[in-house]
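Every read-out reported here was derived from the displayed coordinates using simple, explicitly stated rules and does not represent laboratory data. The structure presented is a predicted model; accordingly, all values stated were derived computationally and were not measured. Using ideal geometry, Cβ is built from the backbone for each residue, glycine included, and neighbour counts are taken over all protein chains shown.
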Amino acid sequence: MSEEILTASTENEETVVETPVETMADYEDAITASMKPIHEGDILSGTIIGVSDEELTIDLGIYTDGVIRLEDASDDPSFTFRDMEVGQEISATVIRRDNAQGRIQLSLKAAAAVLGWERLQQLEKEQSNIKVKISEAVKSGVTAYVEGIRGFIPASKLSLNYVENLDEYVGKEIEVRVITADPEEKRLVLSAKDILREKEEEERKARISNIEVGLVTEGKVETLMPYGAFIDLGNGLSGLVHVSQISQQRIKHPGAVLKEGQTVKVKITAVKDGKISLSMKALEDVAAAEIEEEVFEMPETEAATTTLASLFKNIKL
């Protein structure tokens, strides 16, 4: 862009003002873009300049605007233009170069067939978390749309627990990851389970960090193994009582003194690497020590100082 120098004078000094002067070179990119031939199937990028319930108007930076009708926006039956905003950048595929209004007719659906799958494959590679809204329940799972493409979430990947009623998820927004994105087979599979498992583990670690070694509490025998017993401490936490820490007596198997479902009192002896070590034997040791330390003390009264001879004084044999 060339510059024209103008001089403005005042009583005391002259001020030089540089005013930019536009030339044809400044419009070269815009002119080149406007003269670029447009073909059906081309993917064009532009800025939304108009939003209605039925269509979007797109500024493509060329001789005419583009338009996207609602039916060309998505396969998702619940999709609307309500979340689209003026100024938003989007890409769409040319499906008609000149419609009845002289505008270029575009399709987000057609672009999703190319750009959408590229994005989904990237999400699969990065294992990024994304939010989706469940659209319907189908056999063995539910569906949701990502980048305008229909995805399937198996019931086994929907929750950490068995899901009996899939209809309860319809309309809900959940976090998922792409586990399969196959454009050739048009197969998109999503999962929420890994995210839920990670969150549960984070919460568990947070709860464990608040546990104090030496604390005595009650729990329920959850599982018996040859090497010890797992005790359910509640609040999603469990710990292991090693077989050597179950009883003062030597036992070969925890089942010799414990049974599943039994409520027991345990002492937390260690917390390491997210694992809780428990002991029942430690409580027996403490109880035994307390019994040994108990000493009966006679009150220091006159009776307490009575001699042995005086005790037999009045006894007649």
Among region 71-98, those whose backbone N falls under 15 Å of a label point 7 Å along Cα→Cβ from D59 are 85-90
Exceeding 22 Å between C-alpha atoms, which entries from my cross-link table qualify? They are K131/K205; K259/K281; K172/K205. K131/K205; K172/K205
How do D98, D53 rank when sorted from fewest to most other Cβ atoms within 10 Å of their own Cβ? D53, D98
So if each residue of separation counts as 0.36 nm, and I subtract the Cα-Cα distance between V114 and V51, what length gain in nm does that give? 20.3 nm
Here FRET efficiency (C-beta to C-beta, D273 to D194, R₀ 25 Å, nearest 0.05) is 0.70
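What is the order of S52, S279, fewest Cβ neighbours within 10 Å to most? Could the numbers behind the result be given before it?
Values: S52 10, S279 20.
So the residues, fewest neighbours to most, are S52, S279.
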Send over the semi-axes of region 127-197's equivalent ellipsoid, whole angstrom and largest first, taken as the square roots of 5 times the C-alpha gyration tensor eigenvalues. 18, 14, 11
Do any of K125/K193; K193/K275; K133/K275 go past 28 Å between their Cα atoms, and which? K133/K275
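Can you give me the Rg/Rh ratio for region 54-153, using Cα atoms for both radii and the Kirkwood formula for Rh?
Taking Rh as the inverse mean 1/r over Cα pairs, Rg/Rh reads 1.02.
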Alpha-carbon Rg/Rh ratio, for region 28-108, with Rh computed the Kirkwood way: 0.97
